[in-house]
Amino acid sequence: MFIQTEDTPNPETLKFIPGNIILKTGTADFSNKDVAMDSPLASRLFEIDGVSRVFLATDFISVTKDPQLDWNNLKPSILTGIMEHYSTGLPPINETEDRDTKTNNTEDSETIKQIKDLLETRVRPAVAMDGGDIQFESFKDGIVTLLMKGACSGCPSSTATLKMGIENMLRHYIPEVQEVRASGM
């Protein structure tokens, strides 16, 4: 198995591309070992000292490390962990519930449908290239709240991405949008 790696805008996160489908739909973001219990792959990676976050997507895995550690020391262990996982035949994640596959629902307003559509077609593909994902949380009083995941979570450039990129685009297409914020801000 040959696993490609790519840098992300977040220096603490690397993107691992094993050449296999990881998740058929959606994404899964694990911020620690305790929340990774339903994922044999993420659980295995959290066994590696220094792994602080694991994000699974359709065709890549983003791994975030503790800032004090060096990728040159950690990367071989992560590559081995991914290869060992695939040799077991276990799924990357146990299918227990739908994950982050939210799309438009019938109760969404027209503005929310437009926001979700723009995020899905224009933002998510670009963010995925950088090893992350973005999820719509809410729209209230002109403020769009988004959840940053994977490499985007804690990324030094995520604020610039939100303000300069996503906010400007949404304001251009949807006049009701006044501001974009990351969840928790």
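Each row is one residue, and each column tells you yes or no for (1) farther than 27 Å from His172 by Cβ; (2) modelled with pLDDT of 85 or more; (3) among the hydroxyl-bearing types (Ser, Thr, Tyr).
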| site | (1), (2), (3) |
| --- | --- |
| Thr88 | yes, yes, yes |
| Thr111 | no, yes, yes |
| Gln114 | no, yes, no |
| Leu119 | no, yes, no |
| Lys140 | no, yes, no |
| Ala151 | no, no, no |
| Cys155 | no, no, no |
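Given (1) in contact with a Pro (Cβ under 9 Å, 6 or more places away or on another chain); (2) surrounded by fewer than 14 Cβ atoms within 10 Å (Cβ to Cβ), where does Tyr173 come up short, assuming only one miss?
If we test Tyr173 against (1) in contact with a Pro (Cβ under 9 Å, 6 or more places away or on another chain); (2) surrounded by fewer than 14 Cβ atoms within 10 Å (Cβ to Cβ), just (1) comes out false.
Scan region 67-80 for residues that are in a loop (DSSP other than H, G, I, E, B) and either under 19 Å from Ile22 (Cβ atoms) or in contact (Cβ under 8 Å) with a residue 40 or more places away in the chain (or both) and jot them down.
Filtering region 67-80 for residues in a loop (DSSP other than H, G, I, E, B) gives 67-70.
The answer is Pro67, and nothing else.
Taking the conditions exactly as written (part of a loop (DSSP other than H, G, I, E, B) and not β-branched (Val, Ile, Thr)), does Asp59 satisfy them or not?
Yes, satisfied.
In region 1-36, how many residues are open to solvent by 60 Å² or more (accessible area, probe 1.4 Å) and among the β-branched types (Val, Ile, Thr)?
Number satisfying all stated conditions: 3.
Hey, can you tell me all the residues within region 113-168 that are free of Cβ contacts under 8 Å to residues at least 24 places away in the same chain, open to solvent by 60 Å² or more (accessible area, probe 1.4 Å) and in a strand (DSSP E or B)?
Once the filter is applied, which keeps residues that are free of Cβ contacts under 8 Å to residues at least 24 places away in the same chain, open to solvent by 60 Å² or more (accessible area, probe 1.4 Å) and in a strand (DSSP E or B), region 113-168 yields only Lys140.
Does Asn20 satisfy the criteria of being more than 17 Å from the chain's Cα centre (by Cα) and assigned to a helix (DSSP H, G or I)?
No.
Please verify whether Pro92 is under 20 Å from Lys149 (Cβ atoms), within 16 Å of the chain's Cα centre (by Cα) and open to solvent by less than 60 Å² (accessible area, probe 1.4 Å), treating the condition exactly as stated.
Details: under 20 Å from Lys149 (Cβ atoms): yes; within 16 Å of the chain's Cα centre (by Cα): yes; open to solvent by less than 60 Å² (accessible area, probe 1.4 Å): yes.
Taking the combined requirement at face value, the residue satisfies it.
The values are calculated or read from the model by the stated rules, or taken from the named source; none is laboratory data. Since this is a predicted model, take the numbers as computed values, not measurements. FYI the Cβ positions are ideal-geometry reconstructions off the backbone, even for glycines, and counts take in every protein chain you see. Surface accessibility is based on the protein's heavy atoms, side chains included, excluding ligands, DNA and RNA. Shrake-Rupley method; radii C 1.70, N 1.55, O 1.52, S 1.80 Å.
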